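The values are calculated or read from the model by the stated rules, or taken from the named source; none is laboratory data. It should be emphasised that the depicted structure is a prediction, and the values quoted were computed from it without experimental measurement. Cβ: placed from backbone, ideal geometry, glycine included. Neighbour counts: every protein chain shown.
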Amino acid sequence: MINLLLSILFATSLGIILKLFEKYKLDLFQAIVFNYISCVITGICIHQSIPDFPTYSNKSWFVYAVILGCSFFFFFNLMGYIVKHMGITVMSVSNKLSLVIPVIAAFFIFQDKVSILKIVGIVMALIAVIFTSLKEEGNKHHFNIKQMFWPLILFIGSGMNDTLVKCAQEFHMKNSDNAPFNITIFSTAALLGSIILLYLFLNKKSTLNFKSILGGLLLGVPNYFSMHFLVISLSIKGYGSSIIFPINNIGVVTASTIIAFIVFNEKLTKLNLVGIALAILSIIVIAITA
């Protein structure tokens with residue numbers, strides 16, 4: 001489970017860095033593009049090999065990686081849009097509740113074992129995500145969804161991304177190195193982002209912001225490793241995706257909430273504390289069903 005823990009830690013650090021982006025007014029789009037460029041560079045440095053895309057294109061997982069690369073880029077930007085216009089609570093809940101989709105897929109596609117205890121743990125995890133995400137304004141817990149369309153798209157998209165990652169790992173990558181798969185995903189996202197960014201530069205709709213570039217390069221390192229360790233976790237025998245995804249998502253939400261309290265002095269309500277306790281309990285319940 002050490003790989004899953006590392007995935008949670010690196011994914012949690014993404015939220016912290018994104019929060020700093022907001023604080024220092026970075027250009028989010030530029031940062032996201034250079035984040036994916038940094039992911040590719042990180043993968044090359046770690047695995048000490050230059051990507052061989054002509055060879056990769058003959059692999060059965062290649063189409064999955066290209067689709068995921070385009071999807072990752074779109075939904076990363078959508079998360080930024082939702083945070084800006086609807087709040088971080090809406091984004092967090094929409095993104096993390098998407099664990100429902102890969103869990104359902106785990107039961108019907110990957111033949112994970114269904115048990116009452118596992119279902120109880122998953123339901124507890126869903127409730128914990130909501131409780132830990134809610135913020136109090138005055139004496140009322142605030143969950144202001146003015147528009148449902150984009151949060152719903154994020155919910156579906158995040159869930160489908162997780163499901164596609166598991167499909168690629170389960171049916172096309174067993175007992176193989178996941179590095180080419182990850183690098184192809186991030187290279188696709190980097191290429192797509194670079195094309196759009198170049199278009200914006202040429203049409204003078206954007207100018208280079210070196211602070212945003214630096215922030216994006218920094219973000220790319222934990223982004224790569226969060227994906228790297230998640231794919232490894234999904235390949236571990238005995239731990240199906242109906243266990244991995246709930247623990248991963250609730251772990252990220254809980255860790256992010258605790259760090260926000262310690263580092264950014266964000267207030268924790270009684271409901272948040274209940275959510276954290278419920279999250280820990282749900283992880284224990286789901287883990288013992290393995």
Hey, among the residues in the stretch 240-265 that are in a loop (DSSP other than H, G, I, E, B) and in contact (Cβ under 8 Å) with a residue 60 or more places away in the chain, which one's nearest to SER158 (Cα to Cα)?
GLY240
Looking at (1) crowded, with 19+ Cβ neighbours inside 10 Å; (2) over 20 Å from the mean Cα position of the chain (by Cα); (3) not acidic (Asp, Glu); (4) not in a loop (DSSP other than H, G, I, E, B), which one does LEU273 not meet, given that it meets all the others?
(1)
Criterion first (surrounded by fewer than 18 Cβ atoms within 10 Å (Cβ to Cβ), closer than 22 Å to SER57 by Cα and touching a residue at least 40 places away in the same chain (Cβ under 8 Å)) does HIS172 satisfy it?
yes
Across (1) hydrophobic (A, V, I, L, M, F, W, C); (2) in contact (Cβ under 8 Å) with a residue 40 or more places away in the chain; (3) assigned to a helix (DSSP H, G or I), ILE236 clears everything bar (3)
Every residue in the stretch 33-82 that is polar (S, T, N, Q) and either closer than 16 Å to SER226 by Cβ or part of a helix (DSSP H, G or I) (or both), please.
ASN35, SER38, THR42, THR55, SER71, ASN77
What's the total number of residues in the stretch 195-233 that are among the polar types (S, T, N, Q) and without any contact (Cβ under 8 Å) to a residue 60 or more places away in the chain?
2
Could you figure out which of (1) modelled with pLDDT of 80 or more; (2) more than 25 Å from ILE119 (Cβ to Cβ) isn't true of ALA260?
(1)
Restricting to the stretch 66-125, what's the tally of residues that are among the polar types (S, T, N, Q), modelled with pLDDT under 80 and either on the phi > 0 side of the Ramachandran plot or surrounded by fewer than 16 Cβ atoms within 10 Å (Cβ to Cβ) (or both)?
1
Given the conditions (1) at pLDDT below 85; (2) over 25 Å from SER71 (Cβ atoms); (3) of a type in the set (S, T, N, Q), which single one is not true for SER206?
(2)
